[in-house]
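Okay, so here's the structure we're looking at.
The values are calculated or read from the model by the stated rules, or taken from the named source; none is laboratory data. Every value quoted in this text rests on a predicted model; they were computed, and no experiment measured them. FYI the Cβ positions are ideal-geometry reconstructions off the backbone, even for glycines, and counts take in every protein chain you see. These area figures cover heavy atoms from the full protein model, side chains too; ligands, DNA and RNA do not enter into them. Shrake-Rupley method; radii C 1.70, N 1.55, O 1.52, S 1.80 Å.
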Amino acid sequence: MNLKIVHIVFPFLWIIGAGVVNCSAQKLSVKGNGLKDIYKSDFLIGTALNSDQFQGKNALADRLIKAQFNSITPENVLKAEIVQPAWGRFDFSLSDRFVDYGVRNKLFIIGHTLIWHSQLPPFVEAITSKDSLRQFMSQHIAKVAGRYTGKIKGWDVVNEALNEDGTYRNSVFLKLLGKDYITDAFKQAAVAAPHTELYYNDYNIEQPRKREGAIAIIKQLQAADARIDAVGIQGHWHVGKVPYRDIEESIVAFAALGVKVMITELDLEVLPRNFSGADVSQRMVNSPEMNPFPKKLPDSLQRKLAIDYEQLFNLFLKHKDKISRVTFWGVADGDSWLNDWPVKGRTNYPLLFDRNYKPKEAFYRLLNIKR
Ligand code: XIL
C-alpha cells in the first residue's frame, strides 16, 4: 500500500470504525510507509527492544521494527546488573547481539543506561566506601561505553537522579560521591565514547518542580564544562491525563539551555493506577478491579488513547526544531513492561500496535497527522 492509498482509504476506515482499522501490518511494512519515513524530516522514531526481538526470534515483531522505527533502545540488556553482574566480570553476550542488530539494520542505537540506582548488581548496593564506588563507576563507564564507541550513537549517561521535588535522589551514588558524580559520569562517558551523544534521562521531568531539578543538572554539567547533548523526558503518561502544558513548557525550557529534547520511553497507561511516573520499585497488588480489560480494551478507551497520541505528536511536531527523537517503550502491547508493572500480570494496551503486531487506531492517527 503506498502513501496515497493509505491516505485515501484512511477516512473510509474511520467511518466503519476502529474494529476494522486493522489492515495488516504486513501491508504497512511496504518500504517508505513507516512512521520513521513519515516523520523522517522531523525526528527519529524509536522503540525499545527485548532480547527475543533483537535476536530475531519473533518474525512479526522483526518486520514491524524494521518497517516502523529507525532507532532502538535496549529495554534491559545494557543495564549494570546484566553487563557487570559481579565486580569486574562483564557479560556482553546479549548487548553485543543488540548492537549487532542495530548495526545490521542501520538503526540509530541508544545505550541505556550507564549510571542508574535501579537494576544495579548486588555488589554495588553493598559498596560502602567512596573509593570503591568511584572505581566501579569509572571502570563501568570506560568498559561499557568504550566497547560500543562508534556503534552506539547516544548514551543515557545518568538515569533518574532526581526526586519528585527536584532535589537530587539519595542514591548510593549521591550518598557516597556527592552530586559531582553526575559531572564525573558525563566526563568519563565523553572520554570513553568521544563521538557519542550524551543524555540525562528521567521520568516526570515535565512536572515543574522536577523540571527545575533537571535544569539544575544541565546547568551543573555546563558549568563544569561537561558535555551534555540532550535531555530525555521518559514520557510514561496516562490516557486522559497527559500533562500537555507541562510537557510543552519543559521542551521550551530545556531547549533554551542549548540541549536537544527527546521523548525516550513513551507509553500511555490505560489501566487504573493511583500514582504517576515510573519508579520501578513502586508496586501495587493485583485484583480483578486492577485488571479490568483482560480480553479487549473497550473501543471508547482505544479511541481516547489514539486521540492522546495524536495530540502529543501534534505538540512534538510544533517543537520539532527542538526534538531529536521520540522512542516508544516497547514494540507492541504484548511486549510492554506495563503488563507487569506496577501490578504483575495485567493486560495492558499502551502502545500503537496490538498483541498481534497489528496497528491500532493510534497508529493511523499518527500517520494521518502528516498528510
Ligand atoms: C523497565 C523495563 O521495561 C522492565 O523490563 C524492567 O523490569 C524494569 O525496567 N524507566 C527506565 C527503564 O529508565 O529502564 C525502565 O524499564 C522503565 C522506567
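Listed values, structure above:
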quantity	calculated
Hits in the stretch 63-79 (condition: surrounded by fewer than 21 Cβ atoms within 10 Å (Cβ to Cβ), farther than 15 Å from T264 by Cα and not basic (K, R))	A67
Unique match (being in contact with a strand residue (DSSP E or B) (Cβ under 8 Å, 6 or more places away or on another chain) and of a type in the set (V, I, T)) among V124, V103, V83	V103
Residues of the stretch 304-334 classified as in contact with a Ser or Thr (Cβ under 9 Å, 6 or more places away or on another chain) and either over 21 Å from I72 (Cβ atoms) or in contact (Cβ under 8 Å) with a residue 60 or more places away in the chain (or both), total	8
Restricting the stretch 285-295 to residues that are part of a loop (DSSP other than H, G, I, E, B) and open to solvent by less than 40 Å² (accessible area, probe 1.4 Å), the residue that is nearest to the ligand (Cβ to nearest atom)	N291
Residue, nearest to A255 (Cα to Cα), within the stretch 296-314, restricted to residues that are surrounded by fewer than 16 Cβ atoms within 10 Å (Cβ to Cβ) and within 20 Å of the chain's Cα centre (by Cα)	N314
Test: residue in the stretch 234-246 that is modelled with pLDDT of 95 or more, buried (at least 23 other Cβ atoms within 10 Å of the Cβ) and touching a helix residue (DSSP H, G or I) at 6+ places or on another chain (Cβ under 7 Å)	no
Filter result (touching a Phe, Trp or Tyr at 6+ places or on another chain (Cβ under 6 Å) and away from the ligand (no atom under 12 Å from the Cβ)) within the stretch 71-82	S71
Set L44, L114: member being surrounded by 24 or more Cβ atoms within 10 Å (Cβ to Cβ) and either touching a Phe, Trp or Tyr at 6+ places or on another chain (Cβ under 7 Å) or among the aliphatic types (A, V, I, L, M) (or both)	L114
Search result, residues across the stretch 325-366 that are open to solvent by less than 10 Å² (accessible area, probe 1.4 Å), part of a helix (DSSP H, G or I) and either within 14 Å of the ligand (Cβ to nearest atom) or of a type in the set (V, I, T) (or both)	D333, L338
Some residue of the stretch 92-103 being more than 16 Å from the ligand (Cβ to nearest atom), surrounded by fewer than 16 Cβ atoms within 10 Å (Cβ to Cβ) and among the acidic types (D, E)	yes
Qualifying positions in the stretch 258-281 - more than 20 Å from H238 (Cα to Cα) and open to solvent by less than 40 Å² (accessible area, probe 1.4 Å)	V259, V261
Residue within the stretch 254-263 that is in a helix (DSSP H, G or I), over 26 Å from V343 (Cβ atoms) and in contact (Cβ under 8 Å) with a residue 24 or more places away in the chain present	yes
Residue in the stretch 163-179 that is of a type in the set (V, I, T) and within 16 Å of the ligand (Cβ to nearest atom) present	no
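One line per residue, one yes/no per condition, for (1) in a helix (DSSP H, G or I); (2) over 23 Å from S336 (Cα atoms); (3) of a type outside the set (G, A, S):
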position	(1), (2), (3)
R209	yes, yes, yes
A214	yes, yes, no
I217	yes, yes, yes
Q222	yes, yes, yes
D225	no, yes, yes
I228	no, yes, yes
G240	no, no, no
